[in-house]
Amino acid sequence: MLSESYRVLEQLRLPHGLYVASPSNDYKYVWIRDCVYMALPYLDKPTKEYEQTYYRLLDLFREYEWKLDILCKQKPQWEWEYLHARYSYEDVREIHEEWGHIQHDMIGAFLFGLGQGAERGKKMLRDKKDREIVQKLVYYLCNVEYWHDPDNGMWEEWREVHASSVGACVAGLKAVERMVHVPEEAIQAGLRSLMGLFPRESHDKPADLAQLSLVYPYRLFTGVLGETIVRNVEKRLLRERGVIRYEGDSYYSTLEREHGRGMPMSFYYGTEAEWTFGLPWLALCHRELGNPAEAAEYVRRTEAVMLEPGKLPELYYSGTSEPNPNNPLGWSCAMYILAKEAVKESTRALRGLA
């Protein structure tokens, strides 16, 4: 099923090197975060897809450098002033409509991916201007004081200080320390905030699917701390066909159509949508934590919920086999590829030791 999953990514990759999240009407956009995750399967490949994605993202930041220059000097007051998270897929331009644009994790994710590529010997910076852009992104995170600036988080919802966002920024800043100047205090402030939140995602959420990013790919929580995060997600959020984002999530809840999304979180308990990429994400986390059997089982569960080989929908409605329209979701397919390849590598290593 790997070849079919790679084919999905190839179909979602645009000529300029970025990806649409899904061919569905609602998701035919370019999200910075989705592009970072969808590029990850190419990180250790000798091909050029990985670099091409980052070159186009750097071009995006070059185009909005005027905005970065302002944000490096003064803290934004309104959502639209922050760097946007979502862009048109044809020309990669800001979409000017009300949206949860304050997503510090997407900048952290971009910096992390850039550093990971450089660590593997890939040419991630083309020239002096690229380096200047990376430096300004670092100063941007410092200026907004990401460690206590409430953001909309990975799910683009109400503003809180999210552990997953703070962690992404910490990992991103650490990843580019050899490329540009990163104030050490900016990293330390993030680590203090992260530990102050542990094991919660935020004030409102004791557990969140987004927290898995702290184990994989960021590897900020290992050992007992990583196990705590993963077991908490499994205990509270794991379902038959995926992982719910958090308890009380109204997005694609089975109650959303009739009641909307404005009710208290407790109203939606037990009706939350089951996100397919949670399964391979758990596989990757267990592999990081040294649990190969559990990792392999989550890969098997992922394959069991594919609509056809290589194709995973965004989610299934609670307790059903009915997917939502965002199918296939590129992020889900990328996570499956990463998990499948990681489990295969672990299996080969174990055979080699036998």
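Mind running the shape call on the range 141-197? Use the C-alpha gyration tensor, a ≥ b ≥ c as the square roots of the eigenvalues: rounded below 1.5 for a/c, prolate if a/b tops b/c, oblate otherwise. The shape class here is prolate. Only lysines eight or more places from Lys205 in sequence, or on another chain, were considered; those with a Cα closer than 26 Å are Lys235.
For the range 232-330, the gyration tensor built on C-alpha atoms gives an oblate shape. Its axis ratio a/c (a ≥ b ≥ c) is at least 1.5, and a/b is not larger than b/c. Just how many pairs of Lys in the range 1-114 have C-alpha atoms closer than 29 Å, counting pairs that are eight or more places apart or on different chains? For the range 1-114, qualifying lysine pairs total 4. Between the entries [x] 40, 23, 18; [y] 28, 24, 21; [z] 37, 21, 18, the label attached to semi-axes √(5λ) of the Cα gyration tensor in Å calculated for this structure is [y].
Probing with 1.4 Å while keeping every protein chain in the model, the per residue accessible area of the chain equals 41 Å².
With 0.36 nm allotted per residue and the present C-alpha distance subtracted, the Arg257-Glu145 stretch has 36.6 nm of extension available. Across the options Leu58, Ile32, Pro46, the greatest Cα extent toward the positive end of the charge dipole of the range 1-100 (unit charges at beta carbon of Lys, Arg, Asp, Glu) belongs to Pro46.
Per-residue ellipticity at 222 nm for the chain, helices alone: DSSP H runs ≥ 4 residues times -39500 (n - 2.57), over residue total, nearest 500 deg cm²/dmol? List each step's numbers first, then the result.
On the way: 13 runs with 168 residues, N = 354.
Computed mean residue ellipticity for the chain: -15000 deg cm²/dmol.
In debye, nearest 20, what is the charge dipole magnitude of the chain about its Cα centre with +1 on Lys and Arg Cβ and -1 on Asp and Glu Cβ, if you could check?
Computed charge dipole of the chain: roughly 1180 debye.
Each part gets one Cα centre, and for the range 1-79 versus the range 84-150 those centres are 10 Å apart. The shape of the range 163-269 can be summarised by an equivalent ellipsoid whose semi-axes, obtained from the alpha carbon gyration tensor, come to 31, 15, 12 Å from longest to shortest. About its Cα centre, the range 1-131 has a charge dipole of approximately 580 debye under the convention of +1 per Lys or Arg Cβ and -1 per Asp or Glu Cβ, with nothing else charged. Of the residues Ser346, Leu225, Leu71, the one whose Cα sits farthest toward the positive end of the charge dipole of the chain, with +1 on the Cβ of Lys and Arg and -1 on the Cβ of Asp and Glu, is Ser346. Peptides 68-78, 212-222 ranked from most to least packed, by the mean per-residue count of other Cβ atoms within 10 Å: 212-222, 68-78. Counting 0.36 nm for each residue step from Asp204 to Glu341 and taking away their Cα separation leaves a gain of 45.8 nm. Largest GNM mean-square fluctuation among Gly100, Gly270, Gly262, using the chain with Cα springs under 10 Å: Gly262. Extension gain for Arg159-Ser88 works out to 23.2 nm (0.36 nm per residue, less the C-alpha to C-alpha distance). Cross-link reach is defined here as a Cα-Cα straight distance under 15 Å, omitting same-chain residues fewer than 8 places apart; for Lys174 the aspartates and glutamates meeting it are Asp105, Glu119, Glu184, Glu185.
Taking the protein heavy atoms of the range 124-220 in the context of the full set of protein chains, the accessible area attributed to carbon and sulfur is 53 percent at 1.4 Å. Between Val243, Pro309, Thr254, the Cα set farthest toward the positive side of the dipole of the range 199-354 (charges on each charged residue's Cβ, about the Cα centre) is that of Pro309. With the biggest extent put first, the Cα atoms of the range 69-123 measure 39, 31, 18 Å across the principal axes.
Take the Cα of Glu97, go 7 Å toward its beta carbon, and the backbone nitrogen atoms of the range 60-83 under 16 Å from that spot belong to 80.
The values are calculated or read from the model by the stated rules, or taken from the named source; none is laboratory data. Everything quoted here is computed from the prediction, not taken from an experiment. Note that each Cβ is placed from the backbone with ideal geometry, even for glycine, and that neighbours are counted across all protein chains shown. SASA here: full protein model, heavy atoms, side chains in, ligands and nucleic acids out. Shrake-Rupley method; radii C 1.70, N 1.55, O 1.52, S 1.80 Å.
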